[in-house]
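Below is one structure; the comments refer to it alone.
What follows is calculated from the coordinates using simple rules that are stated; it is not laboratory data. Quantities reported herein were computed from a predicted structural model and do not represent experimental measurements. Here Cβ is always computed from backbone atoms with ideal geometry, including for glycine, and neighbour counts include all displayed protein chains.
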Amino acid sequence: MIEPPLVDIRHLSRDYASGGLFAGRHVTRALTDVSMTVHRGTIHGIVGESGCGKSTLARLVMALDRPTSGSVLFEGEDLFGVSARELKRKRRDFQMVFQDPFGSLDPRQTVGRIVAEPLHVLDGKPGRAERRDKVAAMLEAVGLSPDHAARYPHAFSGGQRQRIAIARALITEPKLVVADEAVSALDLSVQAQVLNLLMDLRDRRGVTVLFITHNLAVVDAVADRVGVMYRGRLVESGPAQAVFARPLHPYTRLLADAEPDVTRFGRPDRPPLSVSAPIDVGVGCSFRNRCPRAVARCATERPELRSLGDEPDLRDRQTACHRAEVLLDAETSE
Ligand SMILES: Nc1ncnc2c1ncn2[C@@H]1O[C@H](COP(=O)(O)OP(=O)(O)O)[C@@H](O)[C@H]1O
Ligand SMILES: [Mg+2]
């Protein structure tokens, strides 16, 4: 029997209704028909501007929110089709690391308590001694010292706090860690350390990470595969190296051009290019108004995510652009 992928996201959409009782209802489509597969033992990057739906996707994958339509299969089982009890049992398999290393740790609790907290969801809750050992091992795994368990969060820097948050996320030995802008608030040198830690945890422990960021350089430094989002849709996906070496979607190219030296991580983190909140563009391509390559068809027909063929540098890649072949040809003949 073929083992199902760890996470299989299928046609996921999420609408938010806003506007008061008298204002008339307005619907924001935060996520539209997103499908992707996250494989075990990989770091799967998601990149896109602020407002494009990344956190909405994260919340759905964590089952903290329900989709308007579509499903999230975790090891082949639909997270939104199982009983509340079953979902509770599954929750130990996925944990989250948030952006804010200062807001996400309770200042009144010791680091030991904070890191041990997720252990409560386990059936056979470990006893005191075992808990202490697990916390000590986890703190060492993220490059901290077991002595740190007795201290409080205020004694630590932003980077150390993110290590604590990662230790907490990993203590139940989850199969998936969702990291939503987990390094975005950190200084550059510290970002690099935390990214190295995530790669190390992938290599040594086989941890799978859904790594979400607005920063292309960061995702390029850490991810095996990448999905590029624009206005609630996935517009390009593939092996990170191939995608950044030769973007297939004009939007990915725009991101890469804005980050000229994407392969050399360590440049000042810039604010996101702009905000790509969802707007209703009707039937056409949602990027067409910003696209330097748009043609008439882009206004009348929605481009679906599709493969371009089996050549070595196109294999396993997808793009949602009508003009992908034309742009590739133009590039080759340049
Ligand atoms: N709870 C909510 N209610 C209404 N609109 C929301 C809610 N959460 C997110 N949105 C809207 O959905 C879109 C995507 O938001 P989000 O997923 O947070 O984007 P990102 O994480 O990429 O910045 C935005 O336009 C945002 O305003
Ligand atoms: Mg977000």
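Built from the Cα atoms of the chain, the convex hull projects on average onto 20.0 nm², one quarter of its surface area. Averaging Cα coordinates gives a centre for segment 24-47 and one for segment 144-193; these two points are 25 Å apart. Near residue 321, the amide H atoms lying under 5 Å from its own belong to 306; only residues 5 or more places off or on other chains count, and H is placed 1.01 Å from N. Between residue 110 and residue 35, the contour length at 0.36 nm per residue exceeds the Cα-Cα span by 23.0 nm.
Calculated on C-alpha atoms, the gyration radius of segment 149-227 divided by its Kirkwood radius gives an Rg/Rh of 0.95.
Where a ≥ b ≥ c are the square roots of the eigenvalues of the C-alpha gyration tensor, would you call segment 42-162 rounded, which needs a/c under 1.5, or, failing that, prolate if a/b is larger than b/c, or oblate? Let's see the in-between values first.
Values: a/c = 2.45, a/b = 1.43, b/c = 1.72.
Oblate is the answer for segment 42-162, as a/c is 1.5 or above yet b/c matches or exceeds a/b.
Of the residues 181, 86, 236, the one that moves most in a GNM of the chain with alpha-carbon contacts below 10 Å is 86. Rounded to the nearest 10 degrees, the inclination of helix 128-141 to the longest alpha-carbon principal axis of the chain is 50 degrees. Across segment 109-152, the volume of the C-alpha convex hull divided among the residues equals 64 Å³ per residue. The slack between residue 325 and residue 80, meaning 0.36 nm per residue of separation minus the straight C-alpha distance, is 84.4 nm.
Round to the nearest 10 and give me the degree value, 0 to 90, for the angle of helix 188-205's Cα axis relative to the longest principal axis of the chain. With both axes taken from Cα atoms, the answer is about 80 degrees.
Put a dot 7 Å past the Cα of residue 17, heading toward its Cβ, do the same for residue 173, and the two dots end up 4.4 nm apart.
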